[in-house]
Each structure stands twice: as C-alpha cells, then as structure tokens.
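Shown next, in structure tokens, is the structure this report addresses.
The values are calculated or read from the model by the stated rules, or taken from the named source; none is laboratory data. Just so it is clear, the structure is predicted and the values come from calculations on it, not from any experiment. Note: ideal-geometry Cβ built from the backbone for every residue, glycine included; neighbour counts use all protein chains shown. Surface accessibility is based on the protein's heavy atoms, side chains included, excluding ligands, DNA and RNA. Shrake-Rupley method; radii C 1.70, N 1.55, O 1.52, S 1.80 Å.
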Amino acid sequence: SRTIEILPTRNKLLQNYPNPFNPETWIPYELAKPAEVTVQIYNLKGQLIRTLYLGQKNAGSYINHQRAAFWNGRDENGEIVSSGHYFYLLQAGDFRAIRRMILVK
C-alpha cells in the first residue's frame with residue numbers, strides 16, 4: 001500500500017526542536033509549492049551567523065529528522081556559537097518567516 005502525502009496549502013515555518021538545544025537542532029517547515037530554500041541564522045544583534053542552503057525543494061512537509069533543515073550550532077567558520085537566543089529566517093521563493101530559538105550549554 002502506498003502512503004499518500006497531503007500537500008500543505010500554505011508555506012509554514014515551524015518551531016525548531018529540541019528548543020532549547022545543545023549543540024544541534026532541526027528546523028521544520030512546510031512548502032505549498034516547489035521553491036529554492038535557504039535558512040539563515042542570526043544572533044540577537046542581527047548579525048548573520050550561518051546560512052544553510054537547502055536547494056530546490058518540492059512541495060511537502062519537511063518536519064522529521066530526515067527532511068527538516070539541520071543546524072549543528074556552528075557559524076560559517078565552523079566555530080561553535082555561544083549560548084543564547086538566535087533567530088532563524090526561512091526563505092522559500094518569495095515567502096519569508098522568522099522564529100526564535102535558544103542554545104543552552
């Protein structure tokens with residue numbers, strides 16, 4: 001028997017899990033239509049810490065460990081970031097959404 005995936009009717013950025021996290025987290029999202037997807041991680045000062053290029057994604061739910069965006073708690077230079085609040089911005093086509101997450105060591 002085949003599983004039929006119900007496609008989302010709108011784009012959504014969901015809360016990362018676990019949250020708070022240490023040292024890694026998953027960022028789930030849903031796409032109503034195919035899009036080029038990136039996730040950008042910012043610190044509280046608004047400085048860009050890391051960009052995750054997820055590439056072209058089909059419509060669907062990206063909510064489990066195998067499909068959600070993954071962040072290892074490191075910046076662009078591979079350095080582990082400090083404890084604190086961070087923001088993650090999902091861009092999928094012209095859709096943009098932002099949420100907050102907490103890294104606790």
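One residue stands out in the range 36-59 among those that are within 20 Å of Ser83 (Cβ to Cβ) and touching an Asp or Glu at 6+ places or on another chain (Cβ under 7 Å): the one that is least open to solvent (accessible area, probe 1.4 Å), namely Ile49. The number of residues in the range 65-80 being over 20 Å from Lys45 (Cα atoms) and open to solvent by 70 Å² or more (accessible area, probe 1.4 Å) comes to 4.
The residue that is nearest to the chain's Cα centre (by Cα), among those in the range 81-105 that are open to solvent by less than 70 Å² (accessible area, probe 1.4 Å) and of a type in the set (S, T, N, Q), is Gln91.
Quick one: would you say Lys33 is touching a residue at least 60 places away in the same chain (Cβ under 8 Å) and surrounded by fewer than 17 Cβ atoms within 10 Å (Cβ to Cβ)? Spelling it out, Lys33 is indeed touching a residue at least 60 places away in the same chain (Cβ under 8 Å) and surrounded by fewer than 17 Cβ atoms within 10 Å (Cβ to Cβ). A count restricted to the range 80-92 and to residues that are closer than 15 Å to Val39 by Cβ and assigned to a loop (DSSP other than H, G, I, E, B) stands at 1. Applying a threshold of 9 Å to beta carbon distances and a minimum spacing of six or more residues, or different chains, the list of pairs starting in the range 94-105 at a residue that is at negative phi and ending at one that is charged (D, E, K, R) and not in a strand (DSSP E or B) reads Phe95/Arg10.
Taken over the range 1-44, the criterion of being over 12 Å from the mean Cα position of the chain (by Cα), acidic (Asp, Glu) and at pLDDT 95 or above is satisfied by Glu36 alone. A single member of Gln56, Gln47, Gln40 is closer than 27 Å to Arg10 by Cβ and free of Cβ contacts under 8 Å to residues at least 24 places away in the same chain, and it is Gln56.
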